[in-house]
Amino acid sequence: MQQDIREILIDRYAIQARIFRMAQEIGEAYKDREFLLMPLLTGSIIFVADLVRHLPVRMKIDVLAVSSYRGKVTVNEGARVLYPTTFDVTGKHVLVIDDILDSGRTLMTVTELLKQQGAASIKTCVLLKKKLPIKPAIDADWVGFEIPDEFVVGYGLDFNGYYRNLPDIAVLHKHAMQ
């Protein structure tokens, strides 16, 4: 697997340090109210597992499965909600957690769905945000890192289902994406 990596963009130590700081910021924002943490599967699972261990506030967790990349593609094909939330979000404060923000279509789709379901407030948190020439459809309230416009893997992000288990955020060699 290491031979497939062209470059490590963010190492595991920088990721952990930033997640700790983000958890403190989120904890401060929600210190006086309970909220529903809603990670978007599958890319955010490692990020959210580390984040929740540092959140010093009362919360519930529900998941939403959303797909934007299918198979061996490296271009976002538009968000599809695959698994709807099981909690009633009416009147609740919801924090949506995603792995990466590029076009913003996934977060836009999810926030619109939660608004329609009557959430009291919706905030968003992403581990990564791509620096793109076009402004995303929606911005995140909390961003871990801004990265160049590269297709990245590791720390939950995948290519064709592989590389999620890498502890760092990395760019693959072209031969690994065929």
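Multiply the residue separation of ALA17 and ARG33 by 0.36 nm, subtract the distance between their alpha-carbon atoms, and state the gained length in nm to one decimal.
Answer, rounded to one decimal: 3.2 nm.
Placing unit charges on C-beta atoms (Lys and Arg positive, Asp and Glu negative, everything else neutral), compute the dipole magnitude of segment 95-171 about its Cα centre in debye, rounded to 20.
In total the dipole reaches around 200 debye.
Can you give me the orientation-averaged projected area of the convex hull built on the Cα atoms of the chain, in nm²?
9.6
Would you mind telling me the share, in percent, of accessible area of the chain contributed by carbon and sulfur at probe 1.4 angstrom?
Answer for the chain is 52 percent, counting heavy atoms of protein chains only.
Which percent of Cα-Cα pairs in segment 3-73 sits in each 5 Å bin, short to long?
For segment 3-73, the pair-distance distribution reads 3, 13, 20, 20, 18, 13, 7, 4, 1, 0.
I need to check one value: relative contact order of the chain, counting alpha carbon pairs closer than 8 Å and at least 6 residues apart, in percent.
Averaging sequence separation for qualifying contacts and normalising by length gives 26 percent for the chain.
Take each complete run of DSSP H in the chain, measure how far its Cα atoms stretch along the helix's own axis, and keep only those covering 24 Å or more with mean Kyte-Doolittle hydropathy at least -1.0; list them.
12-29
If you take the charge dipole of the chain about its Cα centre, with +1 on Lys and Arg Cβ and -1 on Asp and Glu Cβ, which of ALA120, TYR30, LEU107 is farthest toward its positive end?
Result: ALA120, furthest along the dipole toward the positive end.
Given the protein chains as shown and a 1.4 Å probe, how many square angstrom of HIS54 are accessible, to the nearest 10?
We get 70 Å² for HIS54.
Between GLU112 and ARG6, how high is the FRET efficiency from 1/(1 + (r/R0)^6) when r is the Cβ-Cβ distance and R₀ = 45 Å? Nearest 0.05.
0.80
How big is the charge dipole of segment 135-178 about its Cα centre, in debye rounded to the nearest 20, if each Lys and Arg gets +1 on its Cβ and each Asp and Glu gets -1 on its Cβ?
Using Cβ point charges on Lys, Arg, Asp and Glu, segment 135-178 gives about 220 debye.
With no solvent and one point per C-alpha, what does the Debye sum give as log10 I(q)/I(0) for segment 100-141 at q = 0.28 Å⁻¹?
Summing over Cα pairs of segment 100-141 leads to -0.98.
Any idea what the dipole of the chain comes to, in debye rounded to 20, about its Cα centre with Lys/Arg Cβ at +1 and Asp/Glu Cβ at -1?
It works out to roughly 160 debye.
May I ask for the Kirkwood hydrodynamic radius of segment 88-163, worked out over all distinct Cα pairs and given in angstroms to one decimal?
About 13.3 Å for segment 88-163.
Report the number of Lys pairs in the chain whose alpha-carbons are under 16 Å apart, with separation of 8 or more residues or on distinct chains.
Final tally of qualifying lysine pairs is 9.
The values are calculated or read from the model by the stated rules, or taken from the named source; none is laboratory data. Everything numeric in this text was worked out from a predicted model, so none of it was measured. Every residue, glycine among them, receives a Cβ derived from its backbone with ideal geometry; neighbour counts consider all protein chains shown. Areas reflect the complete protein model, heavy atoms only, side chains present, ligands, DNA and RNA absent. Shrake-Rupley method; radii C 1.70, N 1.55, O 1.52, S 1.80 Å.
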